[in-house]
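Just so you know, all these numbers are worked out from the coordinates, no wet-lab data involved. No experiment lies behind these values; they were computed from the predicted model shown. Here the Cβ positions follow ideal geometry from the backbone for every residue, glycine too, while neighbour counts run over all protein chains shown.
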Amino acid sequence: MLISLQTQPAAPLPSQAGGRLTLPIQTGMDEEVRRLIARLGADAVRNSDGTELPGIVSELATKVYSTYFVGRGDNAWADAHPDEATRIFLMSDRVAATADGPVSIDLLASWFADQVRPDTGCDVTRWWQAHDRTTGQELPVSAWSIEADGRTVTVHEALAGHVYTVSFLAFQTWDPTQMYNYLTNGWEEDPTRVKEKPFDVRHEATWSHVRAHLSAWLTEHPEVDVVRFTTFFYHFTLVYGADATERFVDWFGYSASVSIPAMEEFEEEYGYALTPEDFVDGGWYNCPFRTPTPVFKDWIDFTSKRVAQKAGELVRQVHEEGREAMMFLGDNWIGMEPYGPYFPSIKMDAVVGSVGSAATCRMISDIPGVRYTEGRFLPYFFPDVFREGGDPLGEANESWRTARRAIVRSPLDRMGYGGYLSLALKFPEFIDRVEEILGEFRSLHEATGGKKPACAPVRVAVLNAWGKLRTWQTHMVAHALWYKQIHTYLGVIEALAGLPFDVRFMSFAEVIEGGMKALEDVDVVINAGAANTSFSGGQVWEDLRLQDAVRRFVARGGGFIGIGQPTASVGTQGNADRGGICRGSVFALSDVLGVDQEISWSLSKDHYEEPVSEHFITADLDGDYIFGEDPGDVVVTDSATDVLVMDRGSVRASAHDFCGGRGVYLAGLTWSTVNSRLLHRAIMWAAHAEDQWECVLSSTNPDVEVAWYPESALAFVYNDADVPRSSEISGQGGQILVELAAGEGRWVDWGKRSASLVIKS
């Protein structure tokens, strides 16, 4: 018999005492600030880029945060030491020669001249390169020269029909984040604003200045409890185009982490010299979708080691003054790899980051070795949202529903907001909603004693080129902004962030070097990505050690889920090792998956696939799947393969038994609640765990999720949809019917299963 929660008396709410909230405040609104802090129970306050803390700050909260910029905000120093500015490697436009003879290349034709300036004072014969991109050859230094304007390069004897580029070292003359804020907020109309210039701590004079400045600042600001480093030394790649809009953004980009002293030190330590091409990379700039070269991995390691050493020194200064050190995971975070080997040595107290998705939330909350984590929720209190016609309430609801899935599984310790409080107060319904969200957020700690919910007994490994270093960061771009080319795969990580599994990230190198031993603590391996990317793997699958380890793992009972173009590699035709060409398949593990990609080489084969009528993976779903970008035709290679979904003659989902294990193929997984359920069921099936579907409670409606806390005998049931939903919740000997308002979360005493702890919705 089902028990309806709507007809049952509510159990007492968890304590809604204040705390766990950081609010941005500003001068000129003391009374409004006091009232809001009292209402919301904020126990910490902060300033933002462009705001100052008011004089009453010490009266307001338990802790005072202050943003601290290590490498910008001191234009007097930057102007006095112009040669110690940060630098970046850039590449010119590709210029085609229409006739034999000289060709002129304007280095800044597509770059923002207010942000970058070619460094003509360095040894350009060493730190600049010109290439014939048609042949792929570097031009000798004698073949090109720099004109007097410092931004034009002439290739003297270009060949008609060939394309030429110049890779050059450039000064950064405007800090990228401050530039973004300046232009976004219209600060050009404010005469008090200046364009902040960045400087590089790799230079000894600047490094001494930075340490002395921090020491003086700490003395001058006794009211500050938490120094919020934003972040440290090197900004991710954010370069504007000539039209003053974003041209190239790579949140993982190391192109702006360069300096001549650092590159010379690198050569001494690693035994080989770096070139501009190692960073420019033909115009790809080592984007995270590229399989990282050995050189690029060395540079990440070198930079991270040096950044950790210097960041650790600044953190020790903060600790010696009795303050806490917090790092913002953004802006100048390059080298501060939170899942890298050197991060623990820094001894940060806390990490705060922007919460743009469930995946970004897990990226923050799972960081090891810090005392607490904090998420900065959206929307940011900026005029792009908090304006007439904007929808801050809608964005707040979406942000919370998205983040909540991850918070339930791996709680952030704190939440906060950023921007200008004066803007937010103009929208009282937004403030009302923030108050409700806070109550729910606090309850996730207070009702459970800080314990995480139970996980299903299935351990999942996401296999790619980056492994642990990019935990929760696969397919991510600038805090999970939407890209149509990657939403097919980002949905996989987004789903995993809110599912009841122990998830880890593993590199191909780990499996190649460790073999079956590397997979001992794993039940299901996921390989998701487009062909020839760092996530799918590309040529790495021609390494028979990798194939052997994963194939043996599945044969002995493990599960393998391939998404998009998993294990795709065809080798290089004509080489002695012909890879997939000799193998006769595009997917190296087509035998495990029971499907392969059709690339027009086997069109003479007939394929007669019919979807099965029933399967565990699709048992409670309505068929409304969104697989995302079409990876191309996929066909069955084994008659024993169960086709679950077909679209236009191509397999979109399938299941296949392989020896003692199982393989699952999905064409993609754009984020949706239905697709999250699809992946959840696929993992359980691949692990031979169908009979344990209800072991951590289950919901019949994919829009309604549930987390079970066995120690407290509580279950948290929450609606991911923006409309009311009902669902049956069952497991552990109980079954109830729950009806939830749009976005509502509700506590259920699963020991009694007849009462609920209702959270205001």
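Here are the numbers:
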| quantity | calculated |
| --- | --- |
| Considering only the chain, percent of DSSP beta bridges that pair antiparallel, nearest 5 | 60 |
| Approximate spin-label separation Leu603-Asn532, in nm, with each point projected 7 Å along Cα-to-Cβ | 2.0 |
| The range 433-582: relative contact order as a whole-number percent, Cα under 8 Å and 6+ apart | 25 |
| Cα-Cα P(r), the range 281-425, percent of pairs per 10 Å interval | 11, 32, 31, 22, 5, 0 |
| Theoretical gain in end-to-end length, Ala109 to Ala160 [0.36 nm per residue, Cα-Cα removed] | 16.2 nm |
| Contact order relative to length of the range 459-692, as percent, for alpha carbon pairs under 8 angstrom and 6 or more apart | 23 |
| Debye, to nearest 20: dipole size of the range 137-275, +1 on Lys, Arg Cβ, -1 on Asp, Glu Cβ | 160 |
| Extension gain, Arg387 back to Glu429 (0.36 nm per residue minus Cα-Cα distance, nm) | 13.7 nm |
| R0 of 45 Å, Cβ-Cβ distance Glu610-Glu520: FRET efficiency to nearest 0.05 | 0.70 |
| Sum of -39500 (n - 2.57) over DSSP H runs of 4+, divided by residues of the chain (222 nm, nearest 500) | -7500 deg cm²/dmol |
| Out-of-range pairs (alpha-carbon distance over 26 Å; input Lys197/Lys426; Lys297/Lys347; Lys63/Lys347; Lys305/Lys452; Lys347/Lys451) | Lys197/Lys426; Lys305/Lys452 |
| Cα-centred dipole magnitude for the range 459-692, charges only on beta-carbon of K, R (+1) and D, E (-1), debye, nearest 20 | 720 |
| Full-extension gain in nm, Arg504 to Asp548, via 0.36 nm per residue minus C-alpha separation | 13.7 nm |
| DSSP-defined antiparallel bridges as percent of all bridges, the range 22-152, nearest 5 | 40 |
| Packing-based ranking, highest mean first, of 165-171, 587-593 given that Cβ atoms within 10 Å are counted | 587-593, 165-171 |
| Overall form of the range 459-692 per C-alpha gyration tensor (a/c, 1.5; a/b vs b/c) | rounded |
| Pairwise label distance in nanometres, Lys297 with Trp284, each label 7 Å out on the Cα-Cβ vector | 1.5 |
| The range 630-672-the range 350-373 distance, computed between alpha-carbon centres (Å) | 34 |
| Alpha-carbon spread of the chain, three principal axes, descending order, Å | 85, 77, 47 |
| Three-way shape call for the range 499-553 based on the alpha-carbon gyration tensor, with the a/c threshold at 1.5 | oblate |
| Computed label-point distance, nm, for sites Ile626 and Ser145 using a 7 Å Cα→Cβ extension | 5.8 |
| Relative contact order (percent, whole number), the chain, Cα cutoff 8 Å, 6+ residue spacing | 11 |
| Of Tyr483, Thr471, Ser639, farthest towards positive along the dipole that unit charges on Lys, Arg, Asp, Glu beta carbons give the range 459-692 | Thr471 |
| FRET efficiency for Trp482 and Asp633, using Cβ-Cβ distance with R0 set to 30 Å, rounded to 0.05 | 0.70 |
| Residue among Asn527, Ser613, Gly663 farthest towards the positive dipole end of the range 459-692, charges placed on Cβ | Asn527 |
